[in-house]
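This report concerns only the one structure given below.
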There are 2 protein chains.
Amino acid sequence: MSETDLSNYKDDRERSESELDEGDRLKPEFVRAVLDAVEEGDAEAAYDRVEPLHPADIADLIELTPAEQRPALVDAVGSLIDGEVLSEMNDWVREALIESLDPHQVAGMAAELDTDDAVAIIGDMEEADQQAVLDALPPDDRAAIEEALSYPEESAGRLMQRELIAVPEHWTVGDVLDYLRGGDDLTSDFWEIFIVDPGHRPVGTCQLSWILRTPRIVSMTDVMKREQTLIPVDMDQEEVALRFQKYALISAAVIDAAGRLVGQITVDDIVHIISEEAGEDILRLSGAGEGDINEPIRLAVRTRLSWLIVNLATAILASAVVDMFQAQIAAFALLAVLMPIVSGMGGNAGTQTLAVVVRALATNQLTDSNTWWMVARELRIAAANGAALGTVTGIGSFLIYGNAPLSLVFAAAMVINNLAAGLGGVIVPLTLDRFRVDPAVSSAVFVTTLTDVMGFFSFLGLATLFSVSP
Amino acid sequence: MSETDLSNYKDDRERSESELDEGDRLKPEFVRAVLDAVEEGDAEAAYDRVEPLHPADIADLIELTPAEQRPALVDAVGSLIDGEVLSEMNDWVREALIESLDPHQVAGMAAELDTDDAVAIIGDMEEADQQAVLDALPPDDRAAIEEALSYPEESAGRLMQRELIAVPEHWTVGDVLDYLRGGDDLTSDFWEIFIVDPGHRPVGTCQLSWILRTPRIVSMTDVMKREQTLIPVDMDQEEVALRFQKYALISAAVIDAAGRLVGQITVDDIVHIISEEAGEDILRLSGAGEGDINEPIRLAVRTRLSWLIVNLATAILASAVVDMFQAQIAAFALLAVLMPIVSGMGGNAGTQTLAVVVRALATNQLTDSNTWWMVARELRIAAANGAALGTVTGIGSFLIYGNAPLSLVFAAAMVINNLAAGLGGVIVPLTLDRFRVDPAVSSAVFVTTLTDVMGFFSFLGLATLFSVSP
């Protein structure tokens, strides 16, 4: 087992009584106490408080510390910030921290870690720093990490660890047990054993509990499962995550183009990808980019502003529709009062459909097999919602203003815009997906433009057509 | 190992060449071929095609089949739909399917499964059907499932499986190996062994690879790790998922109020919760409820319509602001053309902030320790975005209309509304979270009301104040 696994952090019950609140977050009192100690120059007191924490909590502590106080905190707790802590840390915070460290220190931390965690840390660094760290690593680790870095970012090759247990087909359970007890440099971080042919191609897999429940003399080929999910080394991490989810995998073999076993991926490296991939759609749909609260403000402004500028263009397009009806509005200003209701409700309905479709696409629930069923489904929902909203707004506006033509036009526009929202909300993301554009990133602009333009045009257009007046 | 683990589905490479596309989804041609066979009454052909599929893919196939064709498909493939397939199936589809089956059939399927999967299936059924299935189960399984059903929905008690390996402190590695080889009714679905004291309280945990790498004579207390994450049986599943993620767990012990070991949760049951919890925020924020595409249309309409009605109320509130300025609009209809741009841009900026804050709250990145830092951060971003957008719209509108007072008012309103959006986008979800209301569900209404009202009021109000006219 790696040494950090055994680091002496307190057990869960004790921890939750002291540093952590009921939601497993560091208590603000605790964070303040540590930072106060650092500020008073009492490095020892700070160290003693931080020492019992789990690496994930130390990483959280550094993230929760204001950027200007981080160097002093890191100085005080020094050696507690090991590779494990770095690999748990937010990318932006880690990058800033690593820049302040010496390459030899970083190399020392990286050497303790499994390839995948080391690669995650080194892969994020600038070219020059990367080279300095690689130069300071032992040759074996260096070769392994350089090879991993040769795979594209966010691919299985970056995620996998090269440390694994692979045994030949002719071994028995007893052979495997003897091999595992004997080899001192074998990894302890494995959950299944891969059985390979002489060309090092996987032929089966055996989960450890089966080995433990089987007599020594049984051949591995009789215990192993022949069917296994293999991950090509260049597969995108999102696909890897979906595969782990779909087949409920704990670990899986990674193979190169020739089908040779080159590494393994374990589920603990996948859970954060599953969470990120599922969570990032909300950020993309709203145009907040990666939406990480530790992202430098400058970058956050750049991402969000470019999205706002695109939306400004579409808002101007929609207002050009209003512009066409200035004469009607000047003659009957009530039209200007009601028109944002039509466009706004369409926008809301469109966003609902969009969220459902984007999510269904991301989870592989919506495929070519049920596209038309989905379009029909959303249109039926839009028709029902449109009818209900049209009735409510039609009757309501008649009770207030007593202008029947106005209320009929208002209700009709509401129905039309809801149908447009439902249709756009499903067709736009499906079309983008077909053209391999991420529907979460670009759909909202198209759909809200559609509902704004359609809302203004149907309401003001119908009002003009039927000469609605005070 | 459970029998379904060894079911004879083809290996990954073969599968992806035939039934599955490159994204691991069933190909539409394959789905059509199966359904064509069913329609032609050729049950055997349908069976032969479905038989090699993984249970997860059989579940997908049934989901992708239009509801009216499902009974015929199920008749044709019959025995292939076992408990494993049911537990992989979408809740809505499963519920409808189970209603068409005999309680004894369901009981037979449930008996094959681990407690957690059986509970998930039975827990979703109607009271009367539930009782019929429970009555048909063997007494042992029945007691286990009834106990699990006594825990609240979405709690650790529902997720856990009671089957686990627990051994006393005084045992050696050899004792454990002999015990595992001897006991025929022991589970094979375990990834760590729990060491318990005489009161059955966990004192340590040992991952299987450590046992395999340690000589027989070593005492378990010398191999085990004393620090472990314990899950209280009544903990909410979202907290359980966050804990698995944070501490990179493969499995964890579940304890009752007295600290006794009552079950274990494994990560394969957690990955879909992580994905659901991360993905549902986008659906809640847009008011699409659970947003499942298999949800009956009636329920989808009800959920979405109630959200649209709430939004209608807020849209009316915003239009009441416009109503106050009818005279100004009648005198200068251009105001009605530009006002949706101000409110719309505020709405976009507010949604960006909201998405970032909701996500940071859900992932425990935003806590009491960094609340004020976050407010300051979002205000700085809002100020930068507002200044940029105000400059662009001010200059742009002056170039088009050449009306300096109008352009100044337009630009000022843009800045004001961006600041309101940034402030509201962070304060609203934080406040709701403080009062334990899910910020993803309710924030958007408040924030868009704020940006609509503020957008209309600042623009029309300033225009009135400074007597902007043609």
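No value in this document is a laboratory result; all are computed from the given coordinates. Predicted model, so just to flag it, every value in this text is computed and none were measured. Please note: Cβ atoms are built from the backbone with ideal geometry, for glycine as well, and neighbour counts cover all protein chains shown.
Quick check on the range B:296-465: take the gyration tensor over C-alpha atoms, sort the square-rooted eigenvalues as a ≥ b ≥ c, and tell me if it's rounded (a/c under 1.5), prolate or oblate. Because a/c hits 1.5 or more and a/b fails to exceed b/c, the range B:296-465 counts as oblate. Taking amide H positions as modeled 1.01 Å from N, with prolines and chain starts lacking one, the residues under 5 Å from A:Ile255 and 5 or more places away or on another chain are A:Ile231, A:Val233, A:Val262.
Put simply, the amide H of A:Gly204, placed in the peptide plane, has neighbours under 5 Å in A:Ile195, leaving out anything fewer than 5 places away on its chain. Distance from the C-alpha centroid of the range A:385-456 to that of the range A:242-317: 30 Å, rounded to the whole angstrom. Please work out the Kirkwood hydrodynamic radius for the range B:3-154, using every pair of different C-alpha atoms, and report it in angstroms with one decimal place. In the range B:3-154 this quantity evaluates to 16.3 Å. Calculate, for A:Ile297 and A:Glu126, the FRET efficiency according to 1/(1 + (r/R0)^6) with r their C-beta to C-beta distance and R0 22 Å; round to the nearest 0.05. Rounded to the nearest 0.05, the efficiency is 0.60.
Computed from the C-beta positions of B:Glu238 and B:Ser469 and an R0 of 45 Å, the FRET efficiency is 0.20 to the nearest 0.05.
Charge tally around A:Asp368: other residues with Cβ under 11 Å, Lys/Arg +1 each, Asp/Glu -1 each, net +1. Loop sites here are chymotrypsin sites (Phe, Trp or Tyr not before Pro) outside DSSP states H, G, I, E and B with no more than 13 other Cβ atoms within 10 Å. The longest part of chain A free of them is A:1-434. If a/c stays under 1.5 just call it rounded; otherwise compare a/b with b/c (prolate if a/b is bigger, oblate if not). Do that for the range A:125-164, with a ≥ b ≥ c from the square roots of the Cα gyration tensor eigenvalues. Verdict is oblate for the range A:125-164. Local charge for B:Thr303 was computed over the other residues whose Cβ lies under 13 Å away, with Lys and Arg +1 and Asp and Glu -1, and equals 0. Here the residues B:Thr229, A:Thr393, ranked from fewest to most Cβ neighbours within 10 Å of their Cβ, fall in the order B:Thr229, A:Thr393. Which trypsin sites (Lys or Arg not before Pro) in the range A:370-470 pass both tests, a DSSP loop state and at most 12 other beta-carbon atoms within 10 Å? Those satisfying the criteria are A:Arg436.
Please give the helix B:371-401 orientation as an angle from the longest Cα principal axis of chain B, in degrees from 0 to 90, rounded to the nearest 10. Roughly 40 degrees, rounded to the nearest 10.
For chain B, the longest principal axis of the alpha carbon atoms and the long axis of helix B:173-182 meet at an angle near 80°.
Here the simple spin-label model places points 7 Å from the Cα toward Cβ, and for B:Glu99 and A:Arg216 these points are separated by 5.9 nm.
Computed over chain B, the P(r) tail beyond 38 angstrom holds 46 percent of alpha carbon pairs.
Computed 3J(HN,Hα) for the range A:263-279, one whole-Hz value per residue from the Karplus formula 6.51 cos²θ - 1.76 cosθ + 1.60 where θ = phi - 60°, is x, 9, 10, 10, 5, 5, 8, 9, 4, 6, 6, 4, 5, 4, 5, 6, x, glycine and proline marked x. Placing dummy labels 7 Å off each Cα toward the beta-carbon, the span from A:Arg436 to A:Ala387 is 4.3 nm.
Taking the longest Cα principal axis of chain B as reference, the axis of helix B:139-149 is set at about 20 degrees.
3J(HN,Hα) along the range B:286-294, derived from phi through the Karplus expression 6.51 cos²θ - 1.76 cosθ + 1.60 where θ = phi - 60°, amounts to 8, x, 9, x, 6, x, 7, 6, 9 Hz, with x in place of Gly and Pro.
The helix-only estimate of mean residue ellipticity at 222 nm for chain A, built from DSSP H runs of length n ≥ 4 each weighted as -39500 (n - 2.57), is -20000 deg cm²/dmol after division by the residue total.
The range B:140-208 and the range A:124-151 have Cα centres separated by 43 Å. Sparsely packed loop sites in the range B:39-105 (the GluC sites (Glu not before Pro) outside DSSP H, G, I, E and B with at most 15 other Cβ atoms within 10 Å) comprise B:Glu40. Beta-bridge orientation, chain B: approximately 70 percent antiparallel, per DSSP, counting only bridges with both partners inside.
Normalised by the number of residues in the range A:284-465, the mean separation of alpha-carbon contacts (under 8 Å, six or more apart) gives a relative contact order of 35 percent.
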